[in-house]
Structure formats: structure tokens, C-alpha cells
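Worksheet: one structure, shown below.
The values are calculated or read from the model by the stated rules, or taken from the named source; none is laboratory data. What you see is a predicted model, and the numbers here were worked out from it, not measured in a lab. All Cβ positions, even for glycine, are placed from backbone atoms using ideal geometry, and neighbour counts span all protein chains on display.
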Number of protein chains: 2
Amino acid sequence: MKEKKRITLAEIAKKAGVSKSTVSFILNGKSESLRISETTRKRVLEVVEEYNYRPSIHARSLQSKRSYTVGLVIPDLTNFGFASIAKELEKHCREDGLQLLIACSEDSQALEKKVVEHLVERQVDALIVGSAMIDDQFYVKLTHQLPVIQLDRQIGNSILPLVCTDACNATAKVVSQLLSSDNQECYFFGGQLELSPSKQRLKGYKLGLQQANLVLKPNWIKHADYQSHSGYKMMAECMKELGRPPSCLFTASYILLEGVLRYLRDHQLLNCDIRIATFDDYHILDCLPIEIDSIAQDCTSLAQTVYILVKNMLNGEEISKTQYILPAKICWRSR
Amino acid sequence: MKEKKRITLAEIAKKAGVSKSTVSFILNGKSESLRISETTRKRVLEVVEEYNYRPSIHARSLQSKRSYTVGLVIPDLTNFGFASIAKELEKHCREDGLQLLIACSEDSQALEKKVVEHLVERQVDALIVGSAMIDDQFYVKLTHQLPVIQLDRQIGNSILPLVCTDACNATAKVVSQLLSSDNQECYFFGGQLELSPSKQRLKGYKLGLQQANLVLKPNWIKHADYQSHSGYKMMAECMKELGRPPSCLFTASYILLEGVLRYLRDHQLLNCDIRIATFDDYHILDCLPIEIDSIAQDCTSLAQTVYILVKNMLNGEEISKTQYILPAKICWRSR
DNA sequence: CTGAAAGCGCTAACAG
DNA sequence: CTGTTAGCGCTTTCAG
């Protein structure tokens, strides 16, 4: 591994017969304002081209106190939604010469704090977090150093900038549709209620019942955490209560749905009379014997919106609107 | 956003009443070799603690010509396997004070080249690539600047370091099991044959047939690309050829399987007599009416192995073994 | 229009 | 054992 040392600004300057600053100005598009002659400009650019010169990002960062990086903290990269957003964000960043730094918190508050601190040490210019915290104090403090934006999840009633999906209305719509064919029963399986998305989904569920003129029975609502086996257990509980599968069910996440489906499979109930809808959309839902309506987050818009927000904040622009609730997309399969 | 400017080494030194180098040495664990007195050491560390001082990574990078970052280029972050590996790698890196920079190539050679160049500009210390290239020349050149490691995919017969899954043997085992109950037919649906994983899976399929003493019929093998609708189309073709579903089928990826399942669903064939096995494991396979054996990559081991390799190369150690073919795990559901 | 020079914050010789 | 000093490569005044 030969350490072919990179060529520097100084060397380029010498080869082009000008001074370092001239090269620097040209490279940073300041030739205009400084009225650098077209000939020098061309000559310099040729040399730059010839030697395939690339400025050192570290030297620049040191100088400018910017790192040209953006931190993204999400609970889990293997979660399809977060992965999609990460992927889109990475593309946006790259196109602007920024670098996205991705870290996972695994939904642990302690780990989240740790990875954020790591990113801050790296001097990220901005931070985007899908947080598992229940108090935004930690992030509010950070705000003195860099812009912080909440993604997908709101910490309490934090007024920090936020971009997330309108889970409530989509859920309501899906749930009331579930009930349209005169069903008189609809269960809700959810995860940790502390998380803002959970709250919104539950709220939407209740709204949906209301819209269908159905009075909620307390035992219809079950929740534990977003794990497959929790879905399985809730289904088992439900069966015990009813002696049969519920006529309608809304699962607050795909992973819970998996648990439910596994239960049904294990008990030969895949062809029973049950209507299901779920939050999260996966292609596999097109392949199941049960027709399951689903709610898809618009990851492209989420990523785009959050990115624009980041850019604006980095440019120090005054932000008027800081909270964005984006509509979800409903994938109807039952009709 | 107040730019609370960070405290510097120099200030710490002044506050502790010592010189910059003393602080630097202490912070870099060189107190031993330089026999710095325990008292100064303690005093300095106290000041560091008090002001919560963190060295500037950029200044250090500029100086040391290392960026303390590792680049990871994968085709797609929303692919569960790659996401898992990325997640694990990120953890390993973070624990060592490195930062993982993730970028997606979307399986485009042009884009891959671009993102790699971006990462190289960022002066990543090492590069891990799940490449879509068919020629390793580009990477061999890079080798002069930094260590490059192939992950999951081998470019041609490239002798660059490689960590991947033993798809061949796992596939053979699964295929021969499919055929165990005296089936006389087994189709193979695959993706782009240029990609090394595809080759290995096909090879394994053939080996599996052989082990089951079945003679391959050319029309059993179909391939296009790794997209759901390709799986759908191959299945349609197959139906046309046979007038019925094949008795056995191996899909070379989960995404192709999805297409197949969608076809079966659309044509009310989910309960027909078909045996399927697939590469890639997903939990949802536990929930389907068809019992599908699957092959799971051991992402944890892949990540760990590739990380150890990276570390060794970064330490400039002589690497004796550079090609690692890790066993896959088979998830039996049919028995 | 262009060049000289002063840092950005840190490391590592080299002197004491 | 500790301090001085010279850069790392780039940006940016401030003088020509």
C-alpha cells in the first residue's frame, strides 16, 4: 500500500505559476467577485484537472469550523422505513457535497445519547434524530451548537423542528373502512405508548371507531412493544378472550402483524374470516391469502422535507415553519 | 444558534499550567513512555474533564493524514442483508472511534464509481465494497491509496480481499432436500448472472441436482434481474411451459420469491402442490401457507470478519488469509 | 487582479 | 520530565 501522497493546493499554485490564494479563490467560485482574469482561471483549472487535484476536506473543515457532514440517528437501520429515509437522505447529501453519518440507537436512550455524542465530536453540522427519548432537554442543549431536527418521532411535545407522517388520519381512514361492512368489533395491537408514532396511531384508531359510530371497548386495545412475538402473544390473548379470531384488527406496525400472521399460520387460521389492516407497507402483503390494507409512509417526501429543512438551517435562514406533518399513503387491498 | 466555540488544546494547556504537547501526550496515552509525572497527568485530566474538552478530529486528521473513517459501499440500504451488515459494522466502528460512511450504488456501475470517489475525497482510511462492477481494475488502482475489501460479492476472480457467504453449498443442500421426496423436476429463478452471488447460487443449484441424481433440463433455469416482477414473469413463463406450477422451485433471492408468491396469490395457487426454497431469510416466511426453506446469510459474522480484516489492514499488518467464505445458515421449514 | 502571511487545532521532533 | 516550534493544507484578510 504505497502512500501516494496527494497533491496540495500549494503545489498546484506553483505549477500554475500563481499563488495559493488565487487557486483557492478560483476553486471556490470567487473568481467573479475578485475579477480574476479568465486566462489565469483557465490555466489553473487545467492544472487542477491534469493532476486531478482534490482539496483536503480536513484542512477546510479545520479552517471553516464546518465538517460538511450531517448526522442521522435512527433506532434501526434494518427497519425498512428508516433505511429508505437514510438512503434518500444520503443521496441528497452527496449531491450537495455533504456526507451523511448514520448511527443506530437500537431504541435505547443510553445508546442514543452515546451515538449522538460521537457525532457531535465529529462536529456534524446538523443532526437529524428519530429519537427514543422522552424528554427533549438533551437535544435542546445541543441546539446551542448545531441545528437538531426530529424525524418521524416527536419527543413529548418538543417544539424542536419536526418532520413526520400523519399517522392519525390515515389510521382513522383505514380503521373506519375495516368497519364499513357492518363489523361491530375492532382490536388494536400496538407497541410502546411512550413513542409519539404509537400515540398517533392509537389516536387514529379511536377516531376511526368514532367515525364508524362504534363504541370502544377497553379490552380491544392491547400493546406491548414492537416485536413479532408480542404480536403473537396479543393474538393468543385475543383468541382466549373471544374463543375465535376478532372480526377486525389493526396492527400498529408490520412487525406486530408478522406475529399475528404467525399465530394464524400456526393455528391454521390463515383462511378464517378476519379483516386486518396495518401500519407500514411491505410488498409481501400483496402475496398473502388475507387482504390486508396498509399505511405506507412517504419516505421520499419525508427525506426531502427534512433535508430542505437542514439546508435552510445550515444556511442560517430564518425558519418560519418548523413542524411538518406529511400525509401517509394508504394501500387498499380489501377493495 | 449560538456558536459556543469549543475549547482548544492550547486553552486546556494554559489552564493546567503546562504546555500543549504535554496535554497532547497525556491524551494520547503516551504518558508512560514519556514518563510524565502522575500529578501533572491527573491535573491535566481534571481540567479536560472540567471543561469537557474534546480534541478536534479535523485538526488531528489534517495532521495524521488519517480520517478515522471507513467507507462502505453497498447496492441498497433497504436490502435487509446489507442493512444488517451496515448496522453491525457501524457498531464496531463506533466502538473503535471510527466513523462508518455508508453510500449506496443502486447497482449502477457509474454511480458506484461516483460514490467511491466521494468517499475517497473524504479520505476514508479503508473501503468496503459490495460491488456491481465486473472488472476490479478501478479498485486495484485505489489499492495504492487505501485498503479495499470486497464484501458479499466478488468482482470476477479478483484477488482483492473478500468476505462473503458460501452460497453454493447451502444452495446445494437445500435443493437436494427439495428433491428428496422423489420429485423429478426443479426450477431455478435467478437474477443477473454477472454478479458473483448469482453464479454461486446457480452452481449450488446444479450441484444439488447432481446430488439428487437428477439431470438438469436447460429450461429449468430462468434468470433476469433481482426484481419482484421478474419473479412474477418467470413464474408465468413456467406455467405456460408446464400448464401447471412446477413441483419444485428454488428462487435465488427473496425479492424474486415475492414475485412468485404474488403470482400464486393472483392465481389462487397458494395452496397448490409446490415445494419452494429460497435464498435469503425473512421472518415472514414463518407466516405463509407454503413452507419455504430458506438460506440466511450470517450477517453478524460477515460484519465481524470484514471488520477484523479492515482493522488489520489499517494497522499495516501482513495479511496471510484474505479470502473468507463464511457458511450460511439454513432455515428448514419443510421438515 | 494577485501575492504574502496569519492562523484553524493538533502532533511530534527537538531541545532543554 | 516538560516546553518550543514547525508544520499538516486550506481560507481569508490585507497589501500591493
**Prompt:** When residues of the range A:88-99 are filtered for being buried (at least 23 other Cβ atoms within 10 Å of the Cβ) and within 18 Å of A:Cys164 (Cβ to Cβ), how many remain?
**Reply:** 1
**the range B:280-324, subset polar (S, T, N, Q) and under 30 Å from A:Leu257 (Cα atoms), residue farthest from the other protein chains (Cβ to nearest Cβ)** = B:Ser301
**Given (1) among the hydrophobic types (A, V, I, L, M, F, W, C); (2) under 30 Å from A:Leu127 (Cα atoms); (3) within 11 Å of DNA strand D (Cβ to nearest atom), index of the condition A:Ala83 fails** = (3)
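Kindly indicate whether B:Leu193 is more than 21 Å from the chain's Cα centre (by Cα), in a loop (DSSP other than H, G, I, E, B) and either surrounded by fewer than 16 Cβ atoms within 10 Å (Cβ to Cβ) or small (Gly, Ala, Ser) (or both).
Values: more than 21 Å from the chain's Cα centre (by Cα): no; in a loop (DSSP other than H, G, I, E, B): yes; either surrounded by fewer than 16 Cβ atoms within 10 Å (Cβ to Cβ) or small (Gly, Ala, Ser) (or both): yes.
No; evaluated as a whole, the condition is false for this residue.
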**Prompt:** With B:Thr69, B:Thr39 as the choices, which residue is in contact with a helix residue (DSSP H, G or I) (Cβ under 9 Å, 6 or more places away or on another chain) and of a type in the set (Ser, Thr, Tyr)?
**Reply:** B:Thr69
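Yes/no per residue for (1) surrounded by fewer than 24 Cβ atoms within 10 Å (Cβ to Cβ); (2) assigned by TED's automatic domain parsing to the domain that holds A:Glu237; (3) within 19 Å of the chain's Cα centre (by Cα); (4) in a helix (DSSP H, G or I):
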| position | (1), (2), (3), (4) |
| --- | --- |
| A:Arg262 | yes, yes, no, yes |
| A:Asn271 | yes, yes, no, no |
| A:Ala277 | no, yes, no, no |
| A:Asp281 | yes, yes, yes, no |
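Take A:Ile255 and tell me if it is part of a strand (DSSP E or B) and of a type in the set (A, V, I, L, M). Let's see the steps before the verdict.
Details: part of a strand (DSSP E or B): no; of a type in the set (A, V, I, L, M): yes.
Criteria not met by A:Ile255.
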**Asked** Can you name the number of the only condition in (1) at pLDDT below 95; (2) touching a Leu at 6+ places or on another chain (Cβ under 9 Å); (3) of a type in the set (A, V, I, L, M) that A:Leu269 fails?
**Response** (2)
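Specify which of the listed residues (A:Ala172, A:Ala103) is hydrophobic (A, V, I, L, M, F, W, C), under 18 Å from the mean Cα position of the chain (by Cα) and at pLDDT 95 or above. First the steps, then the outcome.
Values: A:Ala172 fails: under 18 Å from the mean Cα position of the chain (by Cα).
Going through A:Ala172, A:Ala103 in turn, the sole match is A:Ala103.
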**Prompt:** If you take the residues in the range B:137-188 that are hydroxyl-bearing (Ser, Thr, Tyr) and in a helix (DSSP H, G or I), which one is farthest from the other protein chains (Cβ to nearest Cβ)?
**Reply:** B:Ser176
**Request:** Look at the range A:116-136 and say how many of its residues are without any contact (Cβ under 8 Å) to a residue 24 or more places away in the chain and outside any loop (DSSP other than H, G, I, E, B).
**Result:** 3
**Request:** Counting only residues that are touching a residue at least 12 places away in the same chain (Cβ under 8 Å) and more than 12 Å from chain B (Cβ to nearest Cβ), give me the helices (runs of 4 or more DSSP H) lying completely in the range A:1-115 with at least 2 of them.
**Result:** A:9-16, A:20-27, A:38-50
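For residues that are of a type in the set (D, E, K, R), closer than 27 Å to B:Asn315 by Cβ, at pLDDT 85 or above and more than 8 Å from DNA strand D (Cβ to nearest atom), tally how many sit in the range B:17-74.
Filtering the range B:17-74 down to residues of a type in the set (D, E, K, R) leaves B:20, B:30, B:32, B:35, B:38, B:41-43, B:46, B:49-50, B:54, B:60, B:65-66.
Those left that are additionally closer than 27 Å to B:Asn315 by Cβ: B:30, B:32, B:35, B:41, B:54, B:60, B:65-66.
Cutting the leftovers down to at pLDDT 85 or above gives us B:54, B:60, B:65-66.
Pick out the ones that are also more than 8 Å from DNA strand D (Cβ to nearest atom) and you get B:54, B:60, B:66.
Residues in the range B:17-74 being of a type in the set (D, E, K, R), closer than 27 Å to B:Asn315 by Cβ, at pLDDT 85 or above and more than 8 Å from DNA strand D (Cβ to nearest atom): 3 in total.
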**Item:** Residue in the range B:49-66 that is of a type in the set (Gly, Ala, Ser), within 42 Å of the chain's Cα centre (by Cα) and away from DNA strand C (no atom under 12 Å from the Cβ) present
**Value:** no
**Message:** Name the residue that is farthest from the other protein chains (Cβ to nearest Cβ), counting only residues in the range B:117-136 that are more than 16 Å from B:Asp76 (Cβ to Cβ) and under 16 Å from the mean Cα position of the chain (by Cα).
**Reply:** B:Leu127
